[in-house]
Amino acid sequence: MVKPKPKTGSFVLPGDWLGVIEEFTPNEGTYEEKGEVYAANAGMVLIDKMERRVRVVPVEAPPFPKKGDVALGMIVKTGKALSIVSVARIGGRFLSSPCSGVIHVSQISNEFVVKPTDAFKTGDIVKAKVIDRRGDLIQLSTIGKKFGVVHAFCSKCGTMLIPKNEKSLICHNCGNEEKRKISVDYGKTKI
């Protein structure tokens with residue numbers, strides 16, 4: 001039986017067969033046993049055909065959001081009491097796939113907010129703090145000056161909005177003014 005050879009970029013687990021010693025010299029993340037080369041750890045296969053070497057680069061587990069972490073995500077829906085956020089980054093690390101977070105109206109600001117649409121619009125990019133986690137759902141808060149909307153687009157023409165003051169943004173293209181819960185990092189946060 002011929003074993004399928006993994007290619008560069010393939011994901012392998014410890015003990016997965018990579019090839020034979022005549023074909024590849026074992027390198028980082030691999031080991032040789034009885035003339036065959038195996039993965040020593042989970043990760044991505046990198047094959048250097050010129051040097052005839054194979055190695056397995058470990059893959060880091062995605063960050064597990066915990067209380068106090070800073071999250072960056074996009075508002076995907078706002079309702080009567082909640083805004084749903086597609087979280088793409090925890091701390092400085094991007095997630096391999098976005099997870100869901102919610103911001104309750106009581107966690108938007110220290111000031112009274114009637115409904116989430118008074119602070120966020122669908123498509124806004126927000127920076128928030130993780131305050132709790134229940135299963136796969138992350139509870140977020142934008143209370144505090146450094147939390148809130150960091151990028152927003154005009155709901156009339158789609159142009160990026162610029163800050164007018166601490167509570168509103170303006171479109172330089174059409175003049176539309178919109179209220180948001182704005183972060184002091186508005187326009188400074190890399191997406």
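The values are calculated or read from the model by the stated rules, or taken from the named source; none is laboratory data. Keep in mind it's a predicted model, so treat the numbers as computed, not measured. Every residue, glycine among them, receives a Cβ derived from its backbone with ideal geometry; neighbour counts consider all protein chains shown. Note: areas computed on protein heavy atoms with side chains; ligands, DNA, RNA excluded. Shrake-Rupley method; radii C 1.70, N 1.55, O 1.52, S 1.80 Å.
Here are the numbers for the structure shown:
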{"read-out": "Search result, residues across the stretch 82-106 that are farther than 17 Å from residue 150 by Cβ, more than 17 Å from the chain's Cα centre (by Cα) and either part of a strand (DSSP E or B) or not small (Gly, Ala, Ser) (or both)", "value": "82, 104, 105"}
{"read-out": "Total residues in the stretch 9-18, condition open to solvent by less than 50 Å² (accessible area, probe 1.4 Å) and either at pLDDT below 90 or acidic (Asp, Glu) (or both)", "value": "3"}
{"read-out": "Pairs with Cβ under 7 Å, 6+ apart, first in the stretch 151-173 and open to solvent by less than 80 Å² (accessible area, probe 1.4 Å), second among the hydroxyl-bearing types (Ser, Thr, Tyr)", "value": "163/186; 171/159"}
{"read-out": "Residues located in the stretch 174-186, provided they are touching a residue at least 12 places away in the same chain (Cβ under 8 Å), out of contact with any strand residue (DSSP E or B) (no Cβ under 7 Å at 6 or more places or on another chain) and among the small types (Gly, Ala, Ser)", "value": "none"}
{"read-out": "Subset of the stretch 22-78 (residues that are within 20 Å of the chain's Cα centre (by Cα), assigned to a strand (DSSP E or B) and among the charged types (D, E, K, R))", "value": "77"}
